[in-house]
Amino acid sequence: MATPTPSSPDRWSLESWFSGFGKPDYTDFKAALVRDVEALKTQAAALGSETNEIVCVINALESLGDRLGHLSAYLGCLSADDANDEAVKADEAWISTLEAESTKLQASLRSALAALSDAAFAALLGDASLKHAEHAVQRMRYEGQHQMKSEMEALAADLNVNGLHAWGRLYDTLTGKMDFEMTFPDGHKETVPMSRRRALMSEPDRKLREAAFHDGQKPWNDHATTLAAGLNGIAGTRLSLYGRRGIPHFLDTPLFDGAMSRKSLDAMLEAIHTHIELPRRALRKAANLQGTSALHYFDLEAPQIAPPDEKELTWDEACATVDQAFSAAYPKLGAYFREMLAQRWIEAQPRAGKRPGAFCTGSQLKHEERVYMTFHKTVHDMVTLAHEVGHAWHSCVLRPARSFAASYPMTLAETASNFGEMILLSGLMNDPGITEATKAYLLDQEMLRAHAYLINIPMRYEFEKAFYTERAAGEVSVSRLSELMSEAQRKLYGDTLLDDGTDPMFWAYKMHFFITGVSFYNFPYVFGYLLSQALFARFKAEGASFLPRYEAFLSMTGSATCEEVVKQTLGEDLTNPEFWAKALKAMEPSLVAYEKVAVQ
């Protein structure tokens, strides 16, 4: 590990955004935002075919979006920083209502764009004030052509607050209060919060994982009827709206949101299914290291190589190591990371009351990024830091772009984060001072990630696709949901799972299925992982000369489709399964090295 610079800040500052929650600059900002949303909503509702008026609303919406996003990001940071702050929670609920009002005005604008003739729309796009916003405006027109009348969209926005999104809030509330009685391997019993279950199933001790899995299933089974009602309600609402909007297939909207085509998705999945034995080999090696013929579902997130028996990693050491890896491979990224530390844009301090997890957010209004995580003195946490800083760098590269050209889809969001992560891991693996034990541990962690992206997440996609297909004909029962889940697991995992090794209740406790703001929260992660593998392979082959092209790639992510971005910057065709197969095979050298690791 690198020698640390003294006292890298581990506590972020949000004061450049607002002097404080509830302070005059904060309350004044809120009041002005409410006033301007209402004014623009009225203006948008009165739009006709006058293109100059439509252009004015488009530009006003962009500015309004910056302010709304700024406030939303600020509240999100505060809420994560102190999950028990009820005043912040109240304002989070309030801003969701304001966002619904913003949705209404956007619906009016999209309707006006859709009503324009092709010639009038072409003339509108030629307006100088919309330069570099053409991609965003074209997407608005497309959405307008696939939406209900404005008053119906307004009604849907209102109903979603207390309907669709209420199911998501119910899930969060119900699961947030869940706990279970667990009998530990030493015989003692303890009431364990459900939020701890996943961590227990990631423990090296297999008996501990098994106990957490089986004892922790009871609350999910007890609440299965309620959870199934929620999942059916979420999917049913979406399917009803798709039908009203003339959207023929339930994948059309998530694909549009991801700015990718069905051909690209099918090509990616074809490559995964064709080469599924590559990630399965990693699981077979994990079973071999564990001493079992195959794995149980509760084994899938557990390390099979113990972390090196070394002293705990300090925050300063982690920052120094990330800095060294970034600076050696990508000096501009290293300089940006040091700026983030100096400006106190990273929150990593272990502290009671913080929400678990990690994320990157930012403000288009201030052109600043923030990273949130909790550092527990492990190598895994250091990798998380590199991942989130990769996200932040993506936003930094897009700072010169106007907001409409700086908003990129989830498919392309995960490329920069994985790229940052791979720079760190590559630096660690090539460090002459690294021990064999640490190398083995890092290989194990890399294979855990590969399995998650190439088997587990495609499995979630297969389940969700089958569920939505059946939900179109009526509600899907608890038993059928569990059957669909087991079938998807068997399809992707094959013989790498024990005969009794599936988890039929995974549909209930995987939060991603209950996120109401976006549907099919799965394949974009696979897309980002494989595309980042392709980018990093180019970087390794071409060296520093590739980095300007990488930045050009990042710069285009908010102003073109995935296919256009990749074609123009890499010269590759995303609809060709061979592109994805090549990206997938990039894991093979690490896989071969992993298969050579001796059983401990």
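Return the equivalent ellipsoid semi-axes of the stretch 60-154 as a descending list in whole Å, where each equals the square root of 5 times an eigenvalue of the C-alpha gyration tensor.
33, 16, 8
Output the DSSP H helices from the chain with an along-axis C-alpha extent of no less than 20 Å and a mean Kyte-Doolittle hydropathy no less than 0.5. Passing helices, by number: 51-81, 410-429, 523-542. Roughly how many Å is it from the Cα centre of the stretch 56-99 to that of the stretch 329-370, as a whole number? A separation of 19 Å, based on Cα centres.
Each DSSP beta bridge with both residues in the chain is either parallel or antiparallel, and the antiparallel ones are about 75%. Mean separation of Cα pairs under 8 Å and 6 or more residues apart, divided by the residue count, gives the stretch 284-411 a relative contact order of 19 percent. Take the Cβ atoms of GLU277 and ARG490, set R0 to 22 Å, and the FRET efficiency comes out at 0.90. Size check on the stretch 75-123: the Cα extents along the three principal axes, sorted descending, read 54, 16, 9 Å. Each Cα pair of the stretch 422-477 feeds into the Kirkwood radius, which the Stokes-Einstein equation turns, at 20 °C and 1.002 mPa s, into a diffusion coefficient of 152 µm²/s.
For the Cα trace of the stretch 274-313, dividing Rg by the Kirkwood Rh returns an Rg/Rh value of 1.10.
Placing a label point 7 Å from the Cα of ALA122 along the Cα-to-Cβ direction, no residue of the stretch 546-566 has its backbone N under 15 Å from that point. Here the calculated FRET efficiency for HIS214 and ALA473, from their Cβ-Cβ distance with R0 = 35 Å, stands at 0.55, rounded to the nearest 0.05. The ellipsoid equivalent to the alpha-carbon distribution of the chain has semi-axes of 38, 29, 26 angstrom, derived from the gyration tensor eigenvalues as √(5λ) and listed largest first. The convex hull of the Cα atoms of the stretch 35-103, projected and averaged over all directions, covers 4.7 nm². Take every pair of alpha-carbon atoms less than 8 Å apart whose residues are at least six positions apart; their mean separation over the length of the stretch 492-591 yields a relative contact order of 22 percent.
Note on THR292 and LYS149: the extension gain reaches 45.6 nm, defined as 0.36 nm multiplied by sequence separation minus the Cα-Cα distance.
Projected label points at LYS567 and GLU99, each 7 Å from Cα along the beta carbon direction, are separated by 3.3 nanometres. For a paramagnetic label modelled on ASP222 (point 7 Å from Cα along Cα→Cβ), amide N atoms under 11 Å away are absent within the stretch 465-494.
In this simple spin-label model, placing a label point 7 Å from the Cα along the Cα-to-Cβ direction at both GLN349 and VAL161 gives a separation of 3.5 nm. What the Kirkwood sum gives for the stretch 504-553 is a hydrodynamic radius of 13.5 Å, with every pair of different alpha carbons counted.
Our note on the geometry: Cα centres of the stretch 199-261 and the stretch 530-600, 29 Å apart.
Of LYS377/LYS582; LYS189/LYS354; LYS104/LYS354; LYS377/LYS540; LYS510/LYS567, which pairs sit farther than 32 Å apart, going by alpha carbon to alpha carbon?
Flagged as over cut-off: LYS377/LYS582; LYS104/LYS354; LYS510/LYS567.
Would you please state the base-10 log of I(q)/I(0) at q = 0.26 1/Å for the stretch 116-195, with intensities from the Debye formula using one equal scatterer on every alpha carbon? Once normalised to I(0) and log-transformed, intensities are -1.13. Full extension of the chain between ALA342 and SER16 yields a length gain of 116.0 nm, computed as 0.36 nm times the residue separation minus the alpha carbon distance. In the stretch 213-236, which residues have a backbone nitrogen under 11 Å from the label point lying 7 Å from ARG480's Cα in the Cα-to-Cβ direction? Hits in the stretch 213-236 for ARG480 at 11 Å: none.
What FRET efficiency would be calculated for the residue pair ASP205, LYS131, taking the C-beta separation as r and a Förster radius of 45 Å, to the nearest 0.05? Could the numbers behind the result be given before it?
Working: r = 59 Å, r/R0 = 1.32.
With a Förster radius of 45 Å, E is 0.15.
For the pair GLU588 and LYS540, label points projected 7 Å from Cα toward Cβ lie 1.2 nm apart.
At 222 nm, what value in deg cm²/dmol follows for the chain if DSSP H runs of at least 4 each add -39500 (n - 2.57) and the sum is divided by all its residues, to the nearest 500?
-20500 deg cm²/dmol
FYI, it's all coordinate maths here, none of it is from the lab. From a predicted model like this one, the values you see are computed outputs, not experimental measurements. Every residue, glycine as well, gets a Cβ built from its backbone with ideal geometry; the counts of neighbours run over all protein chains shown.
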